[in-house]
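Data block below; observations after.
What follows draws every value from the coordinates through simple rules; no lab data is involved. These figures come from a predicted structure and were not determined experimentally. Don't worry about glycine lacking a Cβ; one is built from the backbone with ideal geometry, like all the others, and counts go over all protein chains shown.
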Amino acid sequence: MEEQRGQGVRISDIARAAGVSRQAVYLHFSSRTDLLVATVRYADEVFGLDLRLQPLQATTSGISALRTYLEFWAGYIPSIYGLARALLDIRATDRAAAVAWDDRMGALRSGCQSVVDCLIRDGDLRPELDPDEVVDLLWSLLGIEIWENLTIDCGWSASQYVSWIYELALRAFVREEKQAGN
C-alpha cells in the first residue's frame, strides 16, 4: 500500500486489504490511531509478550532483573522488528503511527522503570545517580536503533548485544561493590 497525503496507510487501504468496508473498520475502531495502537498491542499478544516477561517476575535481585530484561528484549526485538521499523520510518509525518510507537515505547520504559526500582530496592543503584535519569538512559540503550546498528549493521549476535549492553548498564548504574561476580 502506498503512502498518501503524509498519513501512511489509510483506513480505506486497510479495509480493502481485509476485504471489508471502511465503515466496518470504523465499527471496531473509532480512528486510525486506535487501529494502529490496537495493531501493535495485538502484535505483542501474537508474539507472546506476557509469556516472555514471566522470567522477569521470577528474578530475585535487581541485578538479575537487569540481565533478564535485557535478554528478554534482545529476544523480542526480532519478532517485532518489521512493525517497529515501519512505525519508526513514518512516525515523524504520521500522528497515528507516532501514537502507536509511543504506546509501545511507554511499555518498554515501564519495564526499565521496574528494573531500576529493583536495583533501588536492593541498594544496588549507584547512590549518586538520579533514578529517573537511569530509567531514561536504560530506555535509550534499549532503543531499536541501537539494536539495529549492532546486530544488523555490525553483525553482532543476540548474545553479544546482551553481554555488551548488560556490561555497560552494570558499570554505569550498579554500585561497584555489587558488580563483582555478575
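Values for this structure:
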{"quantity": "Directionally averaged shadow of segment 130-182, computed from the convex hull of its alpha-carbon atoms, nm²", "calculated": "4.0"}
{"quantity": "Nearest-ten-degree value, helix 131-141 long axis tilted from longest Cα axis of the chain", "calculated": "60"}
{"quantity": "Nearest-ten-degree value, helix 95-121 long axis tilted from longest Cα axis of the chain", "calculated": "20"}
{"quantity": "Rounded D (µm²/s) - segment 64-182, Kirkwood Rh over Cα pairs, Stokes-Einstein at 20 °C, 1.002 mPa s", "calculated": "142"}
{"quantity": "Positive minus negative residues near HIS28 (Lys, Arg vs Asp, Glu; Cβ under 14 Å)", "calculated": "+2"}
{"quantity": "Helical mean residue ellipticity (222 nm; -39500 (n - 2.57) per DSSP H run of 4+; nearest 500) of the chain", "calculated": "-22500 deg cm²/dmol"}
{"quantity": "Amide H partners (placed H, <5 Å) of VAL174, local residues excluded", "calculated": "ARG126"}
{"quantity": "Sorted by Cβ density within 10 Å, fewest first, the residues THR60, THR151", "calculated": "THR60, THR151"}
{"quantity": "Acute angle (nearest 10 degrees) that the helix 158-173 long axis makes with the longest principal axis of the chain, alpha-carbon atoms", "calculated": "60"}
